[in-house]
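Working notes, structure below.
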Amino acid sequence: MADLEKLKQNLQKNGFEVTHFATAAQAADYLDGQIDGKTVGVGGSITVLEMGLAERLRTHNTLHWHWTGDGDQAAAATCQVYLSSVNGAAETGELINIDGTGNRVSSGLYGHEKVYFIIGVNKVAPDYESALWRAQNIAAPKNAQRLQRKTPCAAKGDRCYNCSSPERICAALVVYWKKPTSMDFEVVLVDEPLGY
């Protein structure tokens, strides 16, 4: 069982603002209230999709999300607020993202007033090595399958093969050891499974 309180404390030690909710609905209510009158970019995020957050935010913000036809990745990269998730979160305080295009990892590092990472309990692992393993062997194969990529992990759905396929979605890895100094960051923890 993931220890979200330990994760919260370690993220706070690493400079992140952290909020914690029992349900995705409560987290969505909170974010809908926090983000108002802003330009909002969204990375490729099953978490945001499952929460129905885009529909709520677009009623009082300008949304840029290539998945919903509200804009492209370049427009999302220039927004005031950026929403995404991570592929793995270590209870020891590290956050891990793997990306193929680079839009999510670059937007999670620089260029916005504030970034929100929404993390379901299913993405939490005990330590850095376990969180990295999770990102490579659980999140990446599921995303490759979703995108119908011609990769061994998509075909078998069991693990990363460190392949050389031109359709590989694992091109860049970012580890957040501390909060980047360029912008505000808030990690929103949810006691329910969300995304991959």
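The values are calculated or read from the model by the stated rules, or taken from the named source; none is laboratory data. It should be emphasised that the depicted structure is a prediction, and the values quoted were computed from it without experimental measurement. As a convention, Cβ positions derive from the backbone with ideal geometry for all residues, glycine included, and neighbour counts pool all protein chains shown. For accessibility, only protein heavy atoms count, side chains too; no ligands or nucleic acids. Shrake-Rupley method; radii C 1.70, N 1.55, O 1.52, S 1.80 Å.
In table form, for the structure just shown:
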item	result
Sequence-distant residues sharing a close amide H with Leu63 (under 5 Å, placed H)	Val40
Three-way shape call for segment 38-81 based on the alpha-carbon gyration tensor, with the a/c threshold at 1.5	oblate
Integer Hz, Karplus 6.51/-1.76/1.60 couplings in order for segment 165-175, x for Gly and Pro	4, x, 9, 4, 9, 9, 10, 9, 10, 10, 10
HN-Hα J in Hz across segment 58-71 - Karplus 6.51, -1.76, 1.60, θ = phi - 60°, x for Gly and Pro	5, 6, 9, 9, 9, 9, 10, 9, 5, 5, 10, x, 8, x
Residues whose placed amide H lies under 5 Å from that of Phe185, excluding near-sequence neighbours	Glu17, Val115
Candidates Lys179, Lys156, Lys123: whichever shows maximal mean-square fluctuation once the chain is modelled as a Gaussian network with Cα springs under 10 Å	Lys156
Accessible-area composition of segment 115-196, carbon plus sulfur, in percent [1.4 Å probe]	51
By average C-beta atoms within 10 angstrom, highest first, the peptides 59-68, 183-192	183-192, 59-68
Extension gain from Ala74 to Glu50, taking 0.36 nm per residue of separation minus the Cα-Cα distance	6.3 nm
Neighbour net charge for Glu5 - beta-carbon separation under 12 angstrom, K R +1, D E -1	-1
Tyr196 long-range amide H proximity, modeled H, under 5 Å	Ile46, Thr47
Whole-Hz couplings from phi, Karplus 6.51/-1.76/1.60, listed for segment 28-41; x for Gly and Pro	5, 4, 4, 5, 4, x, 7, 9, 8, x, 10, 8, 10, x
Euclidean distance of C-alpha centroids, segment 115-192 and segment 15-55, integer Å	19
Backbone N within segment 173-196 under 13 Å of label point (7 Å from Arg146 Cα along the Cβ vector)	194-196
Accessible area of the chain divided out per residue, in Å², using a probe of 1.4 angstrom	44
